[in-house]
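What follows is a single structure, written as structure tokens, with notes after it.
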Amino acid sequence: MTKTLGLIGAGRIGGALARLALAAGLDVVVSNSGGPQTLIDTVAQWGEGARAATAADAARLGDIVVATVPLGALRRLPADALAGKTMVDTMNYYPERDGSLAELDSRELTSSELVQRGLPGARVVKAFNNIDFLRLEILAGPTGAADRSALPVAGDSAAAKEETIRLLDVLGYDAVDLGPLSESWRSEPNTAVYVQPYLPERPVGLVGDEDVMRWFLDCPGAPLPADRLAGLLRDAVRQSPADARERLG
């Protein structure tokens, strides 16, 4: 059973996960690229149960570890400390940020397969990558709630997936098992399950990026139950990042 959540990355998704974990009674050990001293105010705001550490210590001390950093930081993850650990990968591939990666552009690998290749000793599970940081907190709900939302989970280790599914339940979510990491593309950017299903319908009449951003920051979210998520995942269509860039102009 997970008692301590190790977080490598203290950005928006990391912060949301930390707050959910602490509210659920878990301890949190968090790290970032700047070092523990840069997180003093952050962990003070989160309150009792949170502590700052190095990435290696977050990996060693966490019963389960979540890596929520840019994909380009993969080589900086503490591979030795993650060996034997279940590591939840929230990372998505954004070529404009991460640079072009041939294995991903060609669809030879999914981003999580690339992560697993880079961390051969860890048991990588893909999760928390298809929902924005605001709705991640807003939509969390109790086990058995009729309007409880679900998140997709993919991994090559059945035991690691089961551990991650239990974590999702503790944090407030049902899970839909996608299968192996090779199927994790179904929850990646440019698919039908990425962010949009957790948002209400956008109001008519929004003008400009500022209006859209204000609505995004203020809207409450739309529950996405497991059966509907499963259907969206089943019907997903895979695009290469290059295809998506061309389509978006």
Response to the item:
For region 156-180, pairs from a residue that is under 15 Å from residue 63 (Cα atoms) and assigned to a helix (DSSP H, G or I) to a residue that is at pLDDT below 95 and of a type in the set (Ser, Thr, Tyr), with Cβ under 6 Å and 6 or more apart or across chains, are 167/2
Response to the item:
For residue 128, the lone unmet condition from (1) part of a loop (DSSP other than H, G, I, E, B); (2) open to solvent by 10 Å² or more (accessible area, probe 1.4 Å); (3) of a type outside the set (Asp, Glu); (4) in contact with a helix residue (DSSP H, G or I) (Cβ under 8 Å, 6 or more places away or on another chain) is (2)
Item to complete: Please give the number of the condition residue 174 fails out of (1) farther than 23 Å from residue 235 by Cβ; (2) open to solvent by 10 Å² or more (accessible area, probe 1.4 Å); (3) touching a Pro at 6+ places or on another chain (Cβ under 9 Å).
Response: (1)
Worksheet item: So which residues in region 4-27 are more than 24 Å from residue 73 (Cα to Cα) and either in a strand (DSSP E or B) or of a type in the set (Ser, Thr, Tyr) (or both), if there are any at all?
Response: 27
Item to complete: Give the residue, chosen from 214, 186, that is over 16 Å from residue 151 (Cα atoms) and part of a helix (DSSP H, G or I).
Response: 214
Practice prompt. Check off (1) open to solvent by 50 Å² or more (accessible area, probe 1.4 Å); (2) hydroxyl-bearing (Ser, Thr, Tyr); (3) in contact (Cβ under 8 Å) with a residue 60 or more places away in the chain for residue 68 and give me the number that stays unchecked.
Written response: (1)
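Could you please give the count of residues in region 28-56 that are in a helix (DSSP H, G or I) and either under 20 Å from residue 3 (Cβ atoms) or hydrophobic (A, V, I, L, M, F, W, C) (or both)? Explain how you work it out, then say what you get.
Here is the first cut: in region 28-56, the ones in a helix (DSSP H, G or I) are 36-46, 55-56.
If we keep only those that are either under 20 Å from residue 3 (Cβ atoms) or hydrophobic (A, V, I, L, M, F, W, C) (or both) as well, we get 39-40, 43-44, 46, 55-56.
Going through region 28-56 one residue at a time, the tally reaches 7.
Going through 202, 166, 186 one at a time, which residue ends up being open to solvent by 10 Å² or more (accessible area, probe 1.4 Å), among the charged types (D, E, K, R) and farther than 20 Å from residue 222 by Cβ? Walk me through it before giving the result.
Details: 202 fails: farther than 20 Å from residue 222 by Cβ; 186 fails: farther than 20 Å from residue 222 by Cβ.
Exactly one residue qualifies, and that residue is 166.
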Fill in: Selected residue [open to solvent by 20 Å² or more (accessible area, probe 1.4 Å) and part of a loop (DSSP other than H, G, I, E, B)] from 1, 91
1
Worksheet item: Do the conditions hold for residue 229, that is, is it over 14 Å from the mean Cα position of the chain (by Cα), buried (at least 18 other Cβ atoms within 10 Å of the Cβ), assigned to a loop (DSSP other than H, G, I, E, B) and modelled with pLDDT of 95 or more?
Response: no
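Looking at region 138-163 only, could you name the residues that are of a type in the set (Gly, Ala, Ser) and either open to solvent by 50 Å² or more (accessible area, probe 1.4 Å) or over 21 Å from residue 84 (Cβ atoms) (or both)? Explain how you work it out, then say what you get.
Filtering region 138-163 down to residues of a type in the set (Gly, Ala, Ser) leaves 140-141, 144-146, 149-150, 154-155, 157-160.
Correct list: 140, 141, 144, 145, 146, 149, 150, 158, 159.
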Worksheet item: When residue 211 is evaluated against the numbered criteria (1) open to solvent by less than 100 Å² (accessible area, probe 1.4 Å); (2) within 25 Å of residue 127 (Cα to Cα), which criterion, by number, is the only one it fails?
Response: (2)
Discussion item. Checking residue 52 against (1) within 24 Å of residue 172 (Cβ to Cβ); (2) in contact with a strand residue (DSSP E or B) (Cβ under 9 Å, 6 or more places away or on another chain), only one condition comes out false. Which one?
Written reply: (1)
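Of all residues in region 9-48 being polar (S, T, N, Q) and within 19 Å of residue 69 (Cα to Cα), which is least open to solvent (accessible area, probe 1.4 Å)? Even if it seems obvious, please write down each step before you answer.
Applying the first criterion (polar (S, T, N, Q)) to region 9-48 yields 31-33, 37-38, 42, 45.
In the following step, the residues that additionally are within 19 Å of residue 69 (Cα to Cα) were identified as 31-33, 37-38, 42.
Values: 31: 1, 32: 50, 33: 124, 37: 122, 38: 76, 42: 40 Å².
Filtering region 9-48 for residues that are polar (S, T, N, Q) and within 19 Å of residue 69 (Cα to Cα), the one least open to solvent (accessible area, probe 1.4 Å) comes out as 31.
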Worksheet item: So which of 107, 12, 60 ends up being modelled with pLDDT under 95 and touching a helix residue (DSSP H, G or I) at 6+ places or on another chain (Cβ under 9 Å)?
Response: 107
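Taking the residues in region 232-247 that are in a loop (DSSP other than H, G, I, E, B) and buried (at least 16 other Cβ atoms within 10 Å of the Cβ) as candidates, determine which candidate is modelled with the highest pLDDT.
Here is the first cut: in region 232-247, the ones in a loop (DSSP other than H, G, I, E, B) are 235-240.
Narrowing further to those that are buried (at least 16 other Cβ atoms within 10 Å of the Cβ): 236, 239.
Details: 236: 94, 239: 82.
Of everything passing the filter in region 232-247, 236 is modelled with the highest pLDDT.
The values are calculated or read from the model by the stated rules, or taken from the named source; none is laboratory data. Just so it is clear, the structure is predicted and the values come from calculations on it, not from any experiment. So basically every Cβ, Gly included, is an ideal-geometry build from the backbone, and we count neighbours across all protein chains shown. Areas reflect the complete protein model, heavy atoms only, side chains present, ligands, DNA and RNA absent. Shrake-Rupley method; radii C 1.70, N 1.55, O 1.52, S 1.80 Å.
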